[in-house]
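The values are calculated or read from the model by the stated rules, or taken from the named source; none is laboratory data. Keep in mind that what you see is a predicted model, and the values were worked out from it rather than measured. Backbone-built Cβ (ideal geometry, glycine too); neighbour counts: all protein chains shown.
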């Protein structure tokens with residue numbers, strides 16, 4: 001597939017804004033999906049990572065591709081390559097968003113890069129988000145999207161990087177279809193690799209249904225907050241190392257050193273996601 005890099009670069013700098021009332025229901029529903037004993041309510045601060053439940057794009061059916069992704073966007077260019085993933089992100093929290101009150105998200109395409117990898121061409125799109133409430137900049141975020149070619153057949157299983165030994169904190173969790181369904185519903189994520197096993201295995205040639213990257217990042221944040229319930233997270237960054245698959249046991253790990261917390265997830269001995277959190 002030929003990539004028109006000049007046409008892509010024309011989107012760099014594009015900016016859109018979105019408003020949301022931050023209704024308590026999505027937070028209440030995620031708390032239930034995560035089996036939390038209590039949920040944030042109107043007026044409470046939104047836990048880190050939960051801003052991903054809000055400011056959701058809702059593409060029409062006619063603007064949705066066969067893979068479930070939107071093919072039209074007010075911000076992003078038309079998909080330059082057919083396979084898309086949210087590969088990494090950074091979040092800086094000046095003040096958490098308050099649930100039940102209006103807020104604004106300003107999103108900007110910071111850069112677009114075309115590169116070549118082992119599997120072919122890659123397009124990296126770096127987005128910047130600013131979350132504003134009561135005329136105050138509360139959260140800044142970077143989101144890294146990667147577009148790549150669709151494989152033409154099954155690929156050899158790559159075990160990837162071996163996972164480190166269990167951390168100071170460790171929790172095992174089985175990522176079942178109900179949790180993935182609920183998270184996709186709350187984030188309006190219709191990408192079929194997260195729920196349609198025949199599509200995931202026969203069209204995109206994954207070994208199984210793929211766990212959403214933001215869900216895995218949220219679970220690492222939940223591990224951190226369960227161990228440090230009074231610790232306010234100032235920064236959080238994560239990077240997907242390899243896909244995580246549904247109905248295979250995942251270990252969530254964390255190790256604290258002062259205000260720095262190293263977090264990672266592992267599945268069948270392989271490292272899946274790395275993350276770092278910093279306390280205020």
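Tell me which residues, restricted to segment 29-61, are surrounded by fewer than 16 Cβ atoms within 10 Å (Cβ to Cβ) and not in a loop (DSSP other than H, G, I, E, B).
32, 45, 61
Determine, yes or no, whether residue 232 is modelled with pLDDT under 95 and closer than 22 Å to residue 49 by Cα. Working first, answer last.
On the way: modelled with pLDDT under 95: yes; closer than 22 Å to residue 49 by Cα: yes.
Taking the combined requirement at face value, the residue satisfies it.
Given the conditions (1) at pLDDT 95 or above; (2) touching a helix residue (DSSP H, G or I) at 6+ places or on another chain (Cβ under 7 Å); (3) in a loop (DSSP other than H, G, I, E, B), report the number of the one that residue 204 does not fulfil.
Condition (1) is where residue 204 drops out.
Among the strands (runs of 3 or more DSSP E) lying completely within segment 99-192, list those that include at least 3 residues that are touching a strand residue (DSSP E or B) at 6+ places or on another chain (Cβ under 8 Å) and within 23 Å of residue 21 (Cβ to Cβ).
On the way: elements: 103-117, 120-133, 136-148, 169-174.
Of the strands (runs of 3 or more DSSP E) lying wholly inside segment 99-192, those with at least 3 residues that are touching a strand residue (DSSP E or B) at 6+ places or on another chain (Cβ under 8 Å) and within 23 Å of residue 21 (Cβ to Cβ) span 103-117, 120-133, 136-148.
Conditions: (1) crowded, with 23+ Cβ neighbours inside 10 Å; (2) closer than 23 Å to residue 188 by Cβ; (3) in contact (Cβ under 8 Å) with a residue 40 or more places away in the chain. Residue 218 meets all but one. Number of the miss?
Among (1) crowded, with 23+ Cβ neighbours inside 10 Å; (2) closer than 23 Å to residue 188 by Cβ; (3) in contact (Cβ under 8 Å) with a residue 40 or more places away in the chain, residue 218 violates only (1).
Between a first residue in segment 60-75 that is in contact (Cβ under 8 Å) with a residue 60 or more places away in the chain and a second residue that is surrounded by fewer than 16 Cβ atoms within 10 Å (Cβ to Cβ) and assigned to a strand (DSSP E or B), which pairs have beta carbons less than 7 Å apart while being 6 or more apart in sequence or on different chains?
75/16
Output the number of residues of segment 185-201 satisfying the condition of being touching a helix residue (DSSP H, G or I) at 6+ places or on another chain (Cβ under 6 Å) and within 17 Å of residue 154 (Cα to Cα).
Of the residues in segment 185-201, 3 are touching a helix residue (DSSP H, G or I) at 6+ places or on another chain (Cβ under 6 Å) and within 17 Å of residue 154 (Cα to Cα).
Within segment 62-72, can you find the residues that are in a loop (DSSP other than H, G, I, E, B), on the phi < 0 side of the Ramachandran plot and buried (at least 16 other Cβ atoms within 10 Å of the Cβ)? Write out each step before concluding.
Of the residues in segment 62-72, the ones in a loop (DSSP other than H, G, I, E, B) are 65-69, 71-72.
Okay, now just the ones that are also on the phi < 0 side of the Ramachandran plot, so 65-67, 69, 71-72.
The answer is 65, 67, 69.
This table checks each residue for (1) surrounded by fewer than 14 Cβ atoms within 10 Å (Cβ to Cβ); (2) under 26 Å from residue 105 (Cβ atoms); (3) touching a residue at least 60 places away in the same chain (Cβ under 8 Å).
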residue: 128; (1), (2), (3): no, yes, no
residue: 134; (1), (2), (3): yes, yes, no
residue: 144; (1), (2), (3): no, yes, no
residue: 147; (1), (2), (3): no, yes, yes
residue: 162; (1), (2), (3): yes, no, yes
residue: 180; (1), (2), (3): no, yes, yes
residue: 188; (1), (2), (3): yes, yes, yes
residue: 205; (1), (2), (3): yes, no, no
